[in-house]
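Take a look at the structure below.
Where a number appears in this text, it was derived from the coordinates with a stated rule and is not lab data. Not measured: the values here are computed from a predicted model. Methodologically, a virtual Cβ is constructed for each residue, glycine included, from the backbone with ideal geometry; neighbour enumeration extends over all protein chains shown.
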């Protein structure tokens, strides 16, 4: 099974003020989708925290990392900025599809600034990975995971040189 990781970005959840419901939902979907995945890592908002957590998950072997939270327009919503520091190349079609699907559920989905992209193989650090930012809402997670799981395996295969099916 391909190793995956989930990073919940929420200052309130990381300080115990609010329960993390989105992270465990993503873990469950990843496992149902055939990935191996531990419990979510919960971190406070901030680009530096996101960058640090992503590199840690990559170093731990994750080939798919899904973040939840911190994609909106609040001054502390810096998940895309932290993610941009890690990914090698953006995959804007995934982020666009996440917003398109989300808007069918709520107009607020168009405010998500989430990114999707790949980290190319780096000797001694990673064999390559797909990273996708999801908003923190349970609805966005449910619809977003369907989008992610529809392409994740193909992206990961491509990163190690597999040919198109």
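Annotations
- Meets criteria (in contact with a helix residue (DSSP H, G or I) (Cβ under 6 Å, 6 or more places away or on another chain) and loosely packed, with under 13 Cβ neighbours inside 10 Å) for residue 110: yes
- Matching entry among 136, 144 (being assigned to a loop (DSSP other than H, G, I, E, B), surrounded by 15 or more Cβ atoms within 10 Å (Cβ to Cβ) and touching a helix residue (DSSP H, G or I) at 6+ places or on another chain (Cβ under 8 Å)): 136
Every residue, every condition in (1) free of Cβ contacts under 8 Å to residues at least 60 places away in the same chain; (2) within 17 Å of residue 67 (Cβ to Cβ), yes or no:
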{"position": "116", "(1), (2)": "yes, yes"}
{"position": "128", "(1), (2)": "no, no"}
{"position": "131", "(1), (2)": "no, yes"}
{"position": "134", "(1), (2)": "no, yes"}
{"position": "139", "(1), (2)": "yes, yes"}
{"position": "150", "(1), (2)": "yes, no"}
{"position": "155", "(1), (2)": "no, yes"}
